[in-house]
Amino acid sequence: MHPALFYRPGQPLSLPELSAARLDGHVFEVGEGFMPADTVESNADRAVSIADLLPPRTAASGHSAAWIHGASDQPPRVHHATRIDRSRPRTYSSTRIVYHEHHLDPGDVQLIGGVAVTTPLCTATTLLFDLARAGGDDRWLRGLLGVFPRLDGELRAHVVPLSGRPGSRTANQILARMLADQEVVTR
């Protein structure tokens, strides 16, 4: 995506100007910015739209990565970022982003539109263990599994050996139930 096709508030148009253009049908909202109405939104556009929110040396993860990969049309209310660098950065605090301190392996990160984002498998694993720990809405994980049809097998193969990880039993039960539900729907 060419930078001239993505508008951030204040660069060069203000938020009120962009909002008026949106109301007039000239642009549409993508994450933290706007794109011309005659363009097609891609995962690279979504990644670029939140790039300025991500702290240095982090990757979009969790719900944010799921949204970038196409699991939902609407971005999450709060974005997630996980560090990719071995060194610990300064403390980061924001109401717009949840910063995860654990370190990602290089194989768990890919570049989309020049922005570091966790891979679909890493994202699905994170979402599954978040569900096992805290429960809640599984639409992000279901959406991600819908976008990547073979991800369910990869996820199962990846999660089963993690039996020592806290929440793994619950995660395996949730995954088995989701895959059974998905199988019933496809029949």
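Any read-out appearing in this document is the output of simple, stated calculations on the displayed coordinates, not a laboratory observation. Small disclaimer: the values here were computed from a predicted structure and weren't measured. A quick note on method: Cβ atoms are made from the backbone with ideal geometry, for glycine too, and the neighbour counts reach across all protein chains shown.
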Starting from region 1-84, pick out the trypsin sites (Lys or Arg not before Pro) whose DSSP state is loop and whose Cβ has at most 16 other Cβ atoms within 10 Å. Arg57, Arg77
Can you tell me the length gained on complete extension of the stretch Asp52 to Phe28, counting 0.36 nm per residue apart and subtracting the Cα distance? 6.8 nm
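Tell me which GluC sites (Glu not before Pro) from region 1-65 have a DSSP coil assignment and no more than 12 other beta carbons within 10 Å of their own.
Details: sites: Glu17, Glu29, Glu32, Glu41; in loops: Glu32, Glu41.
In loop regions of region 1-65 (DSSP not H, G, I, E or B), there are no sparsely surrounded GluC sites (Glu not before Pro).
Give the value in nm², to one decimal: projected area of the alpha carbon convex hull of the chain, averaged over all directions.
Details: hull surface 49.3 nm².
Taking a quarter of the hull surface, the average projection is 12.3 nm².
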Over its alpha-carbon atoms, region 1-86 yields an Rg and a Dmax in Å of 13.3, 47
Percent of Cα-Cα distances greater than 13 Å, calculated over region 80-139: 69 percent
Using a cut-off of 13 Å between beta-carbons, work out the net charge of the residues near Ala171 (Lys and Arg +1, Asp and Glu -1, Ala171 not included). +3
What is the dipole size for the chain, taken about its Cα centre, with +1 at each Lys and Arg Cβ and -1 at each Asp and Glu Cβ, in debye to the nearest 20? 740 debye
